[in-house]
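Below is one structure, written out as structure tokens; the observations come after it.
No value in this document is a laboratory result; all are computed from the given coordinates. Note that the structure is predicted; figures quoted are calculated from it, not measured. Here Cβ is always computed from backbone atoms with ideal geometry, including for glycine, and neighbour counts include all displayed protein chains.
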Amino acid sequence: MALTRPTRRPAVKKAFATPVHHSENELEIPKHQLAEHGVPIDTAYELISNELLLDGHSRLNLATFVTTWMPSTAAKLMADTADKNMIDKDEYPQTAELEERCVNIVADLWHAPEEEQATGCSTTGSSEAVMLSGMALKWRWRARLQKAGKPSDRPNLVMGSNVQVCWEKFCRYWDVEARYVPVEGDRYHLGAAEAVALCDENTIGVVVILGSTFDGSYEPVKEVAGLLDDLQSEHGLDVPVHVDAASGGFVAPFIQPDLEWDFRIPRVQSINASGHKYGLVYPGVGWAVWRNKEALPEELIFNVNYLGGNMPTFTLNFSRPGSEVIAQYLMFMSLGREGYTRVMQYAQDVAMRISSGVAEMGPYRLLSDGGELPVFAFTLKPEVENYTVFDVSDRLRMRGWLVPAYTFPANLEELSVLRVVVRAGMTLDMADMLLEHLRDATEFLESLDAPLASLQEHNQAFAH
Ligand SMILES: *Cc1c(COP(=O)(O)O)cnc(C)c1O
């Protein structure tokens, strides 16, 4: 998505109101400048609602991980609490209390050991949580090297080339060298041995993802931690692990409870997750948790007293909505462990139903099947020459489905795939309709007797 730029487009555009809304059918409203005089708010509401009809149907968007459906009661509570500012903990102590309860719930879900006194906060999403967690790693590393009297100007961070863009941002914004382990062959995410081989005394940490945005697979947290344990005993290097559980943080605790990926592993120092992904809240909330006080250096925390009270904060933003956090607490309270398990298990059943249907169609090969995150990716078999995954994506778009096609990162740039993200709100019935439409699209494309001239640019923007 391009940045919005200051526009030199004609300032005055006609907006068409209907006779019901306005006595004249046409209104002169500048679209890129503030009008001298406004219009009645009902007219504005109508005009904006009309324009937004051109956005996609979010429920048919199988590209995004972000919540597109909440119970209407949740939407009501969010509207009721739209005036609350999360930062203003003195004015809204009960909102702050709910945030604290959520941090405790999340830390408990991720098995933070009670005696270590985990600490954490809400954020605007995983991206902000990642910036905070990355900074904590960098500050700790620097303190360690300074104490040892060593230079601390060349930090690096080790991760797979399949990381979400927020990690690339972190490295660029905070001057950290990004060391990528390329994906290769049949390995579509971070390899443990490959990651550890890139570590040295300037490594601030290793990022392990649960699960990868490219194919929904879980990276091997325990294996990475184990090899880093060996590295420490053999070479004295103590490299912490951060788990980017943007999606998996609210999936694995419920449907893969025996999978050890979290604070059960001592080397895991911090974890982030998106409340607005499988946490089941509309966009605008994430979580970061550190296993203990040592994992979050004191000097990163600011105490502000000008809102009344003395509040420790660790955020990049200042003001932001409190309603997001309130909605998270609502979902925790109304679903409970049993409810989240039910929702996640259903999403997985739907994902696996679709993936097995896709595999049976013939021309497709699955990279993953939805058995980890309820997300899977598939590609075309090499013998398919007349069309590409981009054409399949286009044909599905005609039926309203948004199933993105994209290429893999280094070293698998030649691999292009389609991906389906199943979220709450997608039913088995919808799954069957999607399969039917995919079957139609595939039959049409298979009936071509020459290659289709593809209009799609490869390597197009990838919707994480
Ligand atoms: C979505 C995602 C992010 C970014 O999360 P936001 O909440 O959208 O900021 C980071 N890492 C992974 C693995 C993701 O899937």
Exercise. If you take just the strands (runs of 3 or more DSSP E) that sit entirely in segment 196-300, which of them hold at least 2 residues that are among the β-branched types (Val, Ile, Thr) and more than 15 Å from the ligand (Cβ to nearest atom)?
Worked result: 203-209
Problem set entry | Residue tally, condition within 15 Å of the ligand (Cβ to nearest atom) and surrounded by 15 or more Cβ atoms within 10 Å (Cβ to Cβ), over segment 149-168 | 9
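Which residues, taken from segment 350-377, are surrounded by fewer than 16 Cβ atoms within 10 Å (Cβ to Cβ) and farther than 14 Å from Thr442 by Cβ?
Hit for segment 350-377 is Ser356, nothing else.
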For this session: Starting from segment 246-259, keep only residues that are at negative phi, then list their pairs with residues that are surrounded by fewer than 24 Cβ atoms within 10 Å (Cβ to Cβ) and among the polar types (S, T, N, Q) whose Cβ atoms are within a distance under 7 Å, requiring at least 6 positions of separation or different chains.
Result: Ala246/Gln164; Phe254/Thr341; Ile255/Thr341; Ile255/Gln345; Ile255/Gln348
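Quick one: in segment 185-195, which of the residues that are in a helix (DSSP H, G or I) and in contact with a strand residue (DSSP E or B) (Cβ under 7 Å, 6 or more places away or on another chain) is surrounded by the fewest Cβ atoms within 10 Å (Cβ to Cβ)?
Applying the filter and picking the extreme gives Glu194.
This table checks each residue for (1) more than 30 Å from Asp258 (Cβ to Cβ); (2) part of a strand (DSSP E or B); (3) within 16 Å of the ligand (Cβ to nearest atom); (4) in contact with a strand residue (DSSP E or B) (Cβ under 8 Å, 6 or more places away or on another chain).
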| site | (1), (2), (3), (4) |
| --- | --- |
| Ala75 | yes, no, no, no |
| Met78 | yes, no, no, no |
| Gln94 | yes, no, no, no |
| Glu97 | yes, no, no, no |
| Cys102 | no, no, yes, yes |
| Asp108 | no, no, no, no |
| Ala112 | no, no, no, yes |
| Cys121 | no, yes, yes, yes |
Seminar exercise, completed: Of the residues in segment 124-148 that are of a type in the set (S, T, N, Q) and within 8 Å of the ligand (Cβ to nearest atom), the one that is surrounded by the most Cβ atoms within 10 Å (Cβ to Cβ) is Ser126
Exercise. Is it true that Phe214 is touching a strand residue (DSSP E or B) at 6+ places or on another chain (Cβ under 7 Å) and among the hydrophobic types (A, V, I, L, M, F, W, C)?
Worked result: yes
